[in-house]
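Single-structure report; data block below.
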């Protein structure tokens with residue numbers, strides 16, 4: 001049985017994107033951190049995305065086409081391409097990546113059944129889609145990468161209307177100041 005994991009970069013003040021929609025302050029191009037993200041992503045068999053996160057992450061479909069990508073980029077692209085993707089969107093018309101399916105509605109019971117039927121983990125990526133899963137109580141773990149920056153506003157990592165009781169399971173700091181934490185959701 002897989003685990004449903006909400007994991008992404010967030011600012012220290014709790015925003016997944018700043019007021020301009022940018023999250024390039026997350027430090028994902030730091031080789032040490034990127035290699036860790038690749039290692040944490042290897043057990044993931046399926047990524048669940050909303051439209052905006054899918055459009056951002058679809059870069060990895062062609063990342064290996066660039067001349068001489070760094071090893072950490074090559075590694076993550078291979079990990080990402082090997083996983084299935086499910087995109088939840090009412091506005092997206094075409095998919096540009098392999099191993100990807102489109103769903104028009106997010107049904108928490110169906111998602112939980114999918115996760116339970118798999119022998120690999122599933123991540124739900126993007127705070128808007130993750131908020132639906134957090135509200136429905138179907139998330140097993142939350143794994144934020146907290147960047148050492150305060151952006152002052154934007155798209156929140158946590159939904160405002162959800163209380164979660166969490167148990168810290170594991171934590172790791174990185175040289176660039178980012179800290180990864182793994183929390184189990186207490187039921």
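Of all DSSP bridge pairs formed entirely within region 4-185, close to 35 percent run antiparallel. Largest mean-square fluctuation among 171, 143, 81, in a Gaussian network model of the chain whose springs join Cα atoms under 10 Å apart, belongs to 171. For a quick check, take a GNM of the chain with Cα springs below 10 Å and name the residue from 122, 162, 149 with the largest mean-square fluctuation. In this elastic network of the chain, the residue with the biggest mean-square fluctuation among 122, 162, 149 is 162. Ordering 22, 89 from the fewest to the most neighbouring beta carbons within 10 Å gives 22, 89. When the Cα centres of region 26-100 and region 114-177 are compared, how far apart do they sit, in Å? Centre-to-centre (Cα) distance: 17 Å.
Comparing 66, 128, 75 in a Gaussian network model of the chain (Cα springs below 10 Å), the most mobile by mean-square fluctuation is 66. Can you tell me how region 117-187 classifies by the Cα gyration tensor, rounded, prolate or oblate, using a/c under 1.5 as the rounded cut? Verdict is oblate for region 117-187.
Bear in mind these aren't lab numbers, they're just calculated from the coordinates by the rules spelled out. The shown structure was predicted, so the numbers you read here are calculated from the model rather than taken from an experiment. Please note: Cβ atoms are built from the backbone with ideal geometry, for glycine as well, and neighbour counts cover all protein chains shown.
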